[in-house]
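Written below as structure tokens is the structure these notes are about.
Bear in mind these aren't lab numbers, they're just calculated from the coordinates by the rules spelled out. Since this is a predicted model, take the numbers as computed values, not measurements. Using ideal geometry, Cβ is built from the backbone for each residue, glycine included, and neighbour counts are taken over all protein chains shown.
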Amino acid sequence: PNRLARWYHSGDSPDIAFLVEVITQRFPGRPLGAFGVSLGGNALLKYLGEQGDRTPLQAAMAVSIPFELGTTAKRLTYGFSRVYQWYLSRLVKKKIRQKQKTLQLDIDPALLKTAKTFYDIDNMAAQLHGFANAEAYYALASAKQFLRYIERPTWILHSKNDPFLSPEAIPKVTDLAEQVTLELADSGGHAGFIYGKNPFQPRYWIDERFRRFYRQHFG
């Protein structure tokens, strides 16, 4: 378990860089790809943009990405998306309280208790990860700004009805590098993409698309 005050965040591309380095050292010469979902996908795309042609990865996939973290934080304060915010913020606050039992976190317990939104939580936790505040975290960690610098075949799947992201934050063609393909589905929610006639035997379209993409690039 992570016993440090610092924990995972959606711009943690150094964590991915470390993992890729370890794998390439242990398995030299092996083909290497990556798959990221949601916040992990945001970190993966950020890593790819930062590394450019230096990454050992040959190809990558990313699904349901919060391309603009600030926009995502705002989106979760509206409509049915508030249900997701309520549920996920409770999990994050619980994790913070668990860490506070063993570590001296620079987080005011009173502010944590009254935090209602992801912005509130991000604004408190940002300094633990080296950011001045939530705005700095959103500006530096959002993947959208790194997409134009990716130099490996990268396929991104996103749904237009994803409750975590407003449609205006979806990248445009001009935001993408030549190696990046953005596929927009009309439906699929957040990392869902379920189909089939029998609700008791659902099929996951994303799994089939995943296999097709990696057969294309790895044989």
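Under the condition of being outside any helix (DSSP H, G or I), touching a residue at least 60 places away in the same chain (Cβ under 8 Å) and surrounded by 12 or more Cβ atoms within 10 Å (Cβ to Cβ), the residues counted in segment 75-94 number 1. Taking each residue of segment 24-43 that is within 17 Å of Tyr8 (Cα to Cα) and looking for partners that are assigned to a helix (DSSP H, G or I) and hydrophobic (A, V, I, L, M, F, W, C) with beta-carbon atoms closer than 6 Å, six or more apart or interchain, yields Gly36/Leu44; Ala43/Ile16.
Would a scan of segment 202-214 turn up a residue that is within 16 Å of the chain's Cα centre (by Cα), in a loop (DSSP other than H, G, I, E, B) and under 20 Å from Ser64 (Cβ atoms)? If you could, list the steps in order and put the result at the bottom.
Kept after step one, since they are within 16 Å of the chain's Cα centre (by Cα), are these residues of segment 202-214: none.
No, segment 202-214 has no match at all.
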